[in-house]
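Data first, discussion second: the structure below is written as structure tokens.
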Number of protein chains: 4
Amino acid sequence: MQLGLVGLGRMGGNMRERLRSAGHEVVGLDHNAQISDVTTVAGLAEKLESPRVVWVMVPAGVTDATIDELAEVLGEGDIIIDGGNSRFSDDAPRAERLNKRGIGYLDVGVSGGVWGRQNGYGLMVGGAQEHVDRLMPIFNALKPEGEFGFVHAGPVGAGHYSKMVHNGIEYGLMHAYAEGYELMAASELVTNVPGVIKSWREGTVVRSWLLDLLDRALDEDPELADLSGYTEDTGEGRWTVDEAVRLAVPLNVITASLFARFASRQDDSPAMKAVSALRQQFGGHAVHKS
Amino acid sequence: MQLGLVGLGRMGGNMRERLRSAGHEVVGLDHNAQISDVTTVAGLAEKLESPRVVWVMVPAGVTDATIDELAEVLGEGDIIIDGGNSRFSDDAPRAERLNKRGIGYLDVGVSGGVWGRQNGYGLMVGGAQEHVDRLMPIFNALKPEGEFGFVHAGPVGAGHYSKMVHNGIEYGLMHAYAEGYELMAASELVTNVPGVIKSWREGTVVRSWLLDLLDRALDEDPELADLSGYTEDTGEGRWTVDEAVRLAVPLNVITASLFARFASRQDDSPAMKAVSALRQQFGGHAVHKS
Amino acid sequence: MQLGLVGLGRMGGNMRERLRSAGHEVVGLDHNAQISDVTTVAGLAEKLESPRVVWVMVPAGVTDATIDELAEVLGEGDIIIDGGNSRFSDDAPRAERLNKRGIGYLDVGVSGGVWGRQNGYGLMVGGAQEHVDRLMPIFNALKPEGEFGFVHAGPVGAGHYSKMVHNGIEYGLMHAYAEGYELMAASELVTNVPGVIKSWREGTVVRSWLLDLLDRALDEDPELADLSGYTEDTGEGRWTVDEAVRLAVPLNVITASLFARFASRQDDSPAMKAVSALRQQFGGHAVHKS
Amino acid sequence: MQLGLVGLGRMGGNMRERLRSAGHEVVGLDHNAQISDVTTVAGLAEKLESPRVVWVMVPAGVTDATIDELAEVLGEGDIIIDGGNSRFSDDAPRAERLNKRGIGYLDVGVSGGVWGRQNGYGLMVGGAQEHVDRLMPIFNALKPEGEFGFVHAGPVGAGHYSKMVHNGIEYGLMHAYAEGYELMAASELVTNVPGVIKSWREGTVVRSWLLDLLDRALDEDPELADLSGYTEDTGEGRWTVDEAVRLAVPLNVITASLFARFASRQDDSPAMKAVSALRQQFGGHAVHKS
């Protein structure tokens, strides 16, 4: 089927290729004219036959502006899909705004990173059944070939909510492996840490795709010597903790993983300076001067 | 090759079958005479040709007694393997005791649970290269068919150490999924929680064998209504945290996972009673009476 | 000086008494006519001489409505103080609304609980210097007699912000004592747990007012047998964690204390059910049925 | 009464002075001849009248050697007290060794740091009632003047156990204040962080001796600019977590405080390097090179 696709970056660009390989007609729009199929949203709307379907795959900061711009050139019966990393709470207001113009809205959490073009993308979809039905050919082309990788998670917002939780879990999984890696690296006994990690890829309880990637990273750099521990976070982890607080759900593991990222970006910890100051005050403990 | 195998429980029994399917001769000994091939350790020793190899697969509490009993009937050039869940710090003293009699020792962490018979077992081995070389036919039969699932992790103790860390990671992974599951279940938006979990099995960053098992559990009981949250722990998690403390490695995620198990077994938390008492004292806050 | 006081509950009622003991004229308004000095906000405004000062001490849920009602009857040069447990982010919008009418605004975090009438209240104030200056006679009467207990923390919002952090710290302090209490209670060695707690009240590093209260609670109920661990939380703890997330500050201790309260209110943990389900799946571990 | 005191460092030296001010006769022994009253343990034993009482106040690493040396020159009816930071599990074996020679043993946890000479020391005592009774004049001189500061916590070991828990709590308390300090310092609203801390010293729920010390530290260095966050730990925190693991008590707050100290001593976190490596692998996320 025919699909408009706004945003042809690392994710969007790969998705266009995967969709085209599956025989779909994709009209892509990007700031970068060299990779763009059309030059304006108006041009995009013109190029698509009614009822139109436009997938938005842009950075979270410009999603609302992009959607509002599209709403001006789309109309009754068209559908906009947001496949970016929006906060779930932005979805319902958006759907309502679009609904007033007769435009449908789906929110889709997309997982798989740079590997998605080859392996397919995990898709978590929120929205009305009729809109999901219309998009199934596209979803089927984007998802992996097996029986999994797609879910209609609930009403508008449920797609991004599921993706948020997915990423929260991802934080926890990554950190669990990372802690085990650090402990083995600190021990005197395990002399072949990368070998142990590699061995776990089959037969063990901890085997996973992330473990495969950790093995791959250690193949390239057995002591991770070229990397710094400074680690960004990208929104979903924070939203997960905000939801934990809102819903009174104790998420100790995921929160600890997020906080470890925060700490990784501090040159020195103000909290630990305060601890250090206290120790000096009551115990005359020798402390390190900065 | 020929192997003595002491302990034919859930793990040992399955291993005997996997080894026999691969053409090895296994002489099994168990308390349960009905499944035993011989009736005493002396009988086991007699049945094996020198140099003998005996794999011990008994509960951690009786491993040392079993090994000491075996040491009496084995001798120069024989090898004992402990494949049970021993604490790594028990391995070196054991190896030394056996070494005085000319008996070799290998410690093997075995992962894979009840699925190992079919999928193969993840094996992490500690000990001398010459002993590992002797056992390779056995290891090759037990491990999965692919290129992974076996590692010679280091000297005596390194096998159980790696397995300990494996299980520590396992605690963290399980808890990360569990937290995500609980958050989705608490949200109003995700109306198809088991469907979301199932969808993650392909294409996503969080796909793993444990996720497959969570999906399987939800297939059987979509709301986990038949289960209690009361959860045991089996030693390796505690040893992992003890090692974190000894080596000054901050393991927030794995420790939180272990502590959550401790908390799951408390009817009421004495700590929270103290918090409740304090709130009552300073604020006149209404508290719940037990 | 003269002060209007809206809300004469546990906190407001005690504050009125402390202010009157200090020679101030307090005109109180409450839903409860029996303790009220006037019957309506209009009546309150009439009873006060210009420029008027009205302190609002009502539950967080009705603060904005109360302030808006007051704004109708107050005017140029008057000041409204919110001493309740408002979220700091509500303060700036409020101040702006009032500012349009020429009414000043101060936000005051008030600590001390039911003990404040006797010991004085800890006051953290946000707002303009001129408004703070006008209120100093009132602040001086409410605060403890010593040199501490009052701070002008910053502009509008800083008072409630400081109080929020105060309460976040309070969560952590309470939980630290509570954990130590639980560990001693679990040990075989310490046969006189309440005695140890009592002894800490002088000479030790951990002495504090909260410790005094814990001792008091144990005097009344040495095993806290009459209390349940079920513990509410009242907003500030959650806001503290939200701020940690917003500002990327790793607050492991305070967050763990908040999450422990969440957990204390669960009959069974959905997360631990999921862990239990996973253990059953991979290991055939015996699990507890609900 | 007469007391031998071995170890005249920061703690022991101050204790000698406090005891002498109270009229007791203290015979001190130290490596440093200039501050020592006798030059050998034999000389110490000679100088004391039977039944002798010797208080050992030496670094944990040499406590056993010191006690064993003393046991050679003491005898039936004498008492040795260990007031150092021994692990509680060392106490029972020591008491048994001494008991064979008819020598009594008390373990005393001593809190108060460098302030103890002036304020008195918090004392937590483990051992037999008859030995405690003999020492009461000494305990009364060392403890603060008020009604608190001393407890007979239980049998041998209970004194050091209580002190261990005291220090575990101390870790948690310090970290709770430290986190609150960091959050306020990160906020845009609180412009007078040291002022807020100072104000909390009276009237608030969080007032404590540690808070007084934090205020003192901020008076000296309002932004803690001269301090590094690098923070040592001294044994008791680790033993507390080991006990939590052994007794299955969930100590999230105290453990997080200990782990934060571990992290403060790492130049870069191996775990965060692994997280960084994973993000690079799956997402093509830009990472920081070391």
In this structure, does C:Leu173 turn out to be among the aliphatic types (A, V, I, L, M), modelled with pLDDT of 95 or more and outside any helix (DSSP H, G or I)? no
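Rundown of residues vs (1) at pLDDT below 95; (2) part of a loop (DSSP other than H, G, I, E, B); (3) among the basic types (Lys, Arg), yes/no style:
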site	(1), (2), (3)
C:Arg16	no, no, yes
C:Leu19	no, no, no
C:Leu44	no, no, no
C:Ala71	no, no, no
C:Ile81	no, no, no
C:Ser86	no, yes, no
C:Ala92	no, no, no
C:Arg97	no, no, yes
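Residues are listed down the side, and each one gets a yes or a no for (1) in contact with a helix residue (DSSP H, G or I) (Cβ under 7 Å, 6 or more places away or on another chain); (2) over 20 Å from D:Asp107 (Cα atoms); (3) modelled with pLDDT of 95 or more:
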site: D:Gly28; (1), (2), (3): yes, no, yes
site: D:Asn32; (1), (2), (3): no, yes, yes
site: D:Ile35; (1), (2), (3): yes, yes, yes
site: D:Ala65; (1), (2), (3): no, no, yes
Could we say that C:Val125 is within 11 Å of chain D (Cβ to nearest Cβ), under 27 Å from C:Glu17 (Cβ atoms) and either surrounded by fewer than 24 Cβ atoms within 10 Å (Cβ to Cβ) or at pLDDT 95 or above (or both) here? yes
Could you identify the single residue in B:Val249, B:Val253 that is in contact with a Pro (Cβ under 9 Å, 6 or more places away or on another chain) and either at pLDDT 95 or above or at the interface with chain C (Cβ under 8 Å from one of its Cβ atoms) (or both)? B:Val249
Out of C:Gly113, C:Gly61, I need the residue that is within 19 Å of the chain's Cα centre (by Cα) and within 14 Å of chain D (Cβ to nearest Cβ). Which one? C:Gly113
Scanning region A:23-52 residue by residue, those within 21 Å of A:Gly112 (Cβ to Cβ) and surrounded by 13 or more Cβ atoms within 10 Å (Cβ to Cβ) turn out to be A:His24, A:Val26, A:Gly28, A:Asp30, A:Ile35
Can you report the number of residues in region C:198-231 which are part of a loop (DSSP other than H, G, I, E, B) and within 13 Å of chain D (Cβ to nearest Cβ)? 9
Among the candidates D:Val38, D:Val26, D:Val54, single out the residue that is outside any helix (DSSP H, G or I), under 19 Å from D:Leu123 (Cβ atoms) and free of Cβ contacts under 8 Å to residues at least 40 places away in the same chain. D:Val26
Any residue in region B:260-283 that is facing another protein chain (nearest Cβ under 7 Å), under 27 Å from A:Ala186 (Cβ atoms), surrounded by 18 or more Cβ atoms within 10 Å (Cβ to Cβ) and not aromatic (Phe, Trp, Tyr)? yes
For D:Thr234, are the conditions met, namely being modelled with pLDDT under 95 and among the polar types (S, T, N, Q)? yes
Determine the pairs where a residue that is outside the structural domain of D:Gly61 (by TED's automatic domain parsing), located within region D:228-247, has a partner that is surrounded by fewer than 18 Cβ atoms within 10 Å (Cβ to Cβ) and not small (Gly, Ala, Ser) with Cβ atoms under 6 Å apart, the partner being 6 or more residues away or on another chain. D:Ser228/A:His288; D:Gly229/A:Asp268; D:Tyr230/A:His288; D:Tyr230/D:Arg265; D:Trp239/D:Arg87
Boolean, C:Asp242 is surrounded by fewer than 20 Cβ atoms within 10 Å (Cβ to Cβ), more than 12 Å from chain D (Cβ to nearest Cβ) and within 22 Å of B:Arg279 (Cβ to Cβ): no
Could you please let me know if D:Ala128 is closer than 24 Å to D:Val26 by Cα, under 22 Å from the mean Cα position of the chain (by Cα), in the same structural domain as D:Phe88 (by TED's automatic domain parsing) and small (Gly, Ala, Ser)? no
Residue match in region C:110-117 (condition: farther than 20 Å from C:Asp212 by Cα, in contact (Cβ under 8 Å) with a residue 24 or more places away in the chain and not in a loop (DSSP other than H, G, I, E, B)): yes
Specify which of the listed residues (D:Ala153, D:Ala178, D:Ala141) is surrounded by 21 or more Cβ atoms within 10 Å (Cβ to Cβ), assigned to a helix (DSSP H, G or I) and modelled with pLDDT of 95 or more. D:Ala178
Which one of B:Gly159, B:Gly149 is more than 7 Å from chain A (Cβ to nearest Cβ), of a type in the set (Gly, Ala, Ser) and closer than 20 Å to A:Asn192 by Cα? B:Gly159
What about B:Val249, is it in contact with a Leu (Cβ under 8 Å, 6 or more places away or on another chain), assigned to a helix (DSSP H, G or I) and under 24 Å from D:Phe259 (Cβ atoms)? no
Subset of region A:186-197, residues surrounded by fewer than 24 Cβ atoms within 10 Å (Cβ to Cβ) and either under 14 Å from B:Thr240 (Cβ atoms) or within 7 Å of chain B (Cβ to nearest Cβ) (or both), comes to A:Ala186, A:Ser187, A:Leu189, A:Thr191, A:Asn192, A:Gly195
Might you let me know whether region A:82-98 holds any residue that is touching a residue at least 12 places away in the same chain (Cβ under 8 Å), surrounded by fewer than 24 Cβ atoms within 10 Å (Cβ to Cβ), hydroxyl-bearing (Ser, Thr, Tyr) and not assigned by TED's automatic domain parsing to the domain that holds A:Glu236? yes
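Here's the yes/no breakdown for (1) out of contact with any strand residue (DSSP E or B) (no Cβ under 9 Å at 6 or more places or on another chain); (2) farther than 26 Å from A:Ala256 by Cβ:
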| residue | (1), (2) |
| --- | --- |
| D:Val196 | no, yes |
| D:Asp242 | yes, no |
| D:Ile254 | yes, no |
| D:Ala260 | yes, no |
| D:Gln266 | yes, no |
| D:Lys273 | no, no |
Could you list, in sequence order, the residues of region B:1-14 that are closer than 20 Å to B:Glu69 by Cα and assigned to a helix (DSSP H, G or I)? B:Gly12
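The values are calculated or read from the model by the stated rules, or taken from the named source; none is laboratory data. Bear in mind the structure is a predicted one, so any value in this text is a computation, not a measurement. Cβ: placed from backbone, ideal geometry, glycine included. Neighbour counts: every protein chain shown.
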